[in-house]
2 protein chains.
Amino acid sequence: METVSEVKSHGGVQGVYRHASAETGTDMVFSVFVPAHAPGAKLPVLWYLSGLTCTHANVTEKGEFRAACAEAGIILVAPDTSPRGEGVPDDSEGAWDFGLGAGFYVDATTTPWSANYRMWSYVTAELPALVADQFPVDMDRQGITGHSMGGHGALTVALRHPGRFRSTSAFAPIVAPSQVPWGDKALSNYLGADRSAWRAHDSVALIEDGARLPELLVDIGDADPFFERELKPELLEQACADAGIPLTLRRQAGYDHSYYFISSFMADHVRWHAERLNR
Amino acid sequence: METVSEVKSHGGVQGVYRHASAETGTDMVFSVFVPAHAPGAKLPVLWYLSGLTCTHANVTEKGEFRAACAEAGIILVAPDTSPRGEGVPDDSEGAWDFGLGAGFYVDATTTPWSANYRMWSYVTAELPALVADQFPVDMDRQGITGHSMGGHGALTVALRHPGRFRSTSAFAPIVAPSQVPWGDKALSNYLGADRSAWRAHDSVALIEDGARLPELLVDIGDADPFFERELKPELLEQACADAGIPLTLRRQAGYDHSYYFISSFMADHVRWHAERLNR
């Protein structure tokens, strides 16, 4: 692991790191904020999975999480959203909703995507092992959150790893990719035409199939331009109601899909996770 | 005035606006955050002047001021740092410390700069008049701050407008441009070789020449790479001591010159201004 940069911020250290990923076959860059802490202390860790087009940098620069993480003593890790590099295949028309910047947190099973697009294994296994080895994290106190495609990632990762995360939340998540255009394009390309394979990467389907979370916090702006077509929070609401999962779904009046929305509620989410991670 | 964008954030509206500036002879872009407020209310306004290379966007995206401004009910205005456009002359070698992005908050008196580089009149007269006309600001309750070159701007503007600002602070300001390379390059080009003309744009010289502020808050990182060569806070410390200006100068251990530093202390500054603006 190579240190790209480390800068003091809010009493802690905001770092950016690069490593050669065995899963993606590429170099991967991620950011970690480590608050000030007592020597030898292990801190809870909050995973933040980013949305379409983003790298680690968007939330690192615009997420406004450091003040709250510093106060709560929580490490925040932000991975990239796809493999990158000259040899990595991309959408044939360079679209922003598939390929580079749009890994959708799956292990692709189709050609040519399967060689590099292994973001599921990357964020659930390879990167956590690296982070556990290199940073003062208490891996028994993990939370996960994310935005849009990364909200989809956070929910599916948490649903399929019962007990790993003490807390799960999301900002404007894609909750049912099988039922919306973004997900249809991504999953059909990465996983093939057999839609039964998609259910393992669809939060609503996972809940229908029996996956459970102890509770869930979701914020979404009611002025989000993707609300009706891509996000469909009512599908998550129905699935959670049917499954008895306590969901706090907040429709935030007037907010859109941007980091101006995310940053408005980031401190809220960090504190909500902190209550559960610092118990 | 044209609205470039308006986005809800932290309960208020983060806007970006464009207007044709009579002073610079160009279109100018600036950002304004207006917190939620009662209909008809007039809010205090905090001016934030940015540093070398910046536009309004740097602090707007990375400054982390909105939570604190929303809590205190303070409007924040962030102008650009120079005129821009195809007809605007730039540094002959495209250097980042002069010309575009580096107006130094002076009215240039030399050719070819004097036609467009009128940032002093822009930030002290033209833009305040526009803001007073277009936004719910209480112009009797103004504060000013800035970073680096913008810290220089904030200090010189406040020193030369006694009574206009109830509160003045700065992040890592250039306090004595006449005595450092950045300032020497900028002032000799914009104002000419006669150094006596520079004193009106040099905070330490202005204080030596009798300008006063009721008090002053300055933060600077002790790991700032420009600390010794360009910033020289000890010169401000000495001038304030000699003049009896109460200066709170905080050397922040381990911090650099970036927005990771600024954002760490932004809420502190906003609250400090709020105490004085909301009295």
task: Using the structure shown, decide if B:ALA193 is small (Gly, Ala, Ser), modelled with pLDDT of 95 or more, within 11 Å of B:THR156 (Cβ to Cβ) and surrounded by fewer than 22 Cβ atoms within 10 Å (Cβ to Cβ).
output: no
field: Matching entry among A:ASP97, A:ASP27 (being of a type in the set (Asp, Glu), more than 26 Å from A:ALA170 (Cβ to Cβ) and in contact (Cβ under 8 Å) with a residue 24 or more places away in the chain)
entry: A:ASP27
- line: Scanning the stretch A:189-229 residue by residue, the ones that are within 19 Å of the chain's Cα centre (by Cα) and polar (S, T, N, Q) total 1
message: If I ask for residues that are more than 19 Å from the chain's Cα centre (by Cα) and buried (at least 17 other Cβ atoms within 10 Å of the Cβ), which ones from the stretch A:41-56 would you list?
response: A:LEU43
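This table checks each residue for (1) at positive phi; (2) assigned to a helix (DSSP H, G or I); (3) surrounded by fewer than 18 Cβ atoms within 10 Å (Cβ to Cβ).
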site	(1), (2), (3)
B:TYR105	yes, no, no
B:THR111	no, no, yes
B:SER121	no, yes, yes
B:VAL131	no, yes, no
B:ARG141	no, no, no
B:GLY151	no, yes, no
B:ALA154	no, yes, no
B:VAL157	no, yes, no
query: Take the residues of the stretch B:251-279 that are within 14 Å of chain A (Cβ to nearest Cβ), in contact with a helix residue (DSSP H, G or I) (Cβ under 8 Å, 6 or more places away or on another chain) and surrounded by fewer than 18 Cβ atoms within 10 Å (Cβ to Cβ): which is nearest to B:ARG164 (Cα to Cα)?
result: B:ARG271
Complete set of residues in the stretch B:40-58 that are assigned to a loop (DSSP other than H, G, I, E, B) and under 17 Å from B:ALA274 (Cβ atoms): B:ALA41, B:LYS42
query: Applying the selection to the stretch A:183-236, what residues are of a type in the set (Phe, Trp, Tyr) and more than 23 Å from A:THR109 (Cβ to Cβ)?
result: A:PHE226, A:PHE227
message: On the basis of being more than 19 Å from A:TRP120 (Cβ to Cβ) and free of Cβ contacts under 8 Å to residues at least 40 places away in the same chain, does A:LYS8 make the cut?
response: yes
- prompt: Any idea which residue in the stretch A:1-40 is farthest from the other protein chains (Cβ to nearest Cβ), counting only those that are charged (D, E, K, R) and surrounded by fewer than 19 Cβ atoms within 10 Å (Cβ to Cβ)?
  reply: A:ASP27
- prompt: Across the stretch B:1-21, which residue is nearest to B:LYS62 (Cα to Cα) among those that are within 20 Å of the chain's Cα centre (by Cα) and not aromatic (Phe, Trp, Tyr)?
  reply: B:GLN14
- prompt: With respect to A:GLU93, is the statement that it is within 14 Å of chain B (Cβ to nearest Cβ), among the acidic types (Asp, Glu) and surrounded by fewer than 24 Cβ atoms within 10 Å (Cβ to Cβ) true?
  reply: no
task: May I ask you to say which residue of A:ILE207, A:ILE220 is within 14 Å of another protein chain (Cβ to nearest Cβ) and of a type in the set (A, V, I, L, M, F, W, C)?
output: A:ILE220
message: Can you find, within the stretch B:59-74, the residue that is nearest to the other protein chains (Cβ to nearest Cβ) among those that are in contact with a helix residue (DSSP H, G or I) (Cβ under 7 Å, 6 or more places away or on another chain) and outside any helix (DSSP H, G or I)?
response: B:GLU64
message: So if I check each of B:ALA200, B:ALA253, B:ALA186, which one is in contact with a Phe, Trp or Tyr (Cβ under 7 Å, 6 or more places away or on another chain) and either under 12 Å from B:LEU155 (Cβ atoms) or at pLDDT 95 or above (or both)?
response: B:ALA186
Among (1) within 14 Å of another protein chain (Cβ to nearest Cβ); (2) buried (at least 21 other Cβ atoms within 10 Å of the Cβ); (3) in contact with a helix residue (DSSP H, G or I) (Cβ under 9 Å, 6 or more places away or on another chain); (4) of a type outside the set (S, T, N, Q) - the single one B:CYS240 does not satisfy: (1)
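The values are calculated or read from the model by the stated rules, or taken from the named source; none is laboratory data. This structure is a prediction, so every number in the text was calculated from the model and none was measured. Here the Cβ is made from the backbone with ideal geometry for all residues, glycine too, and neighbour counts use every protein chain on show.
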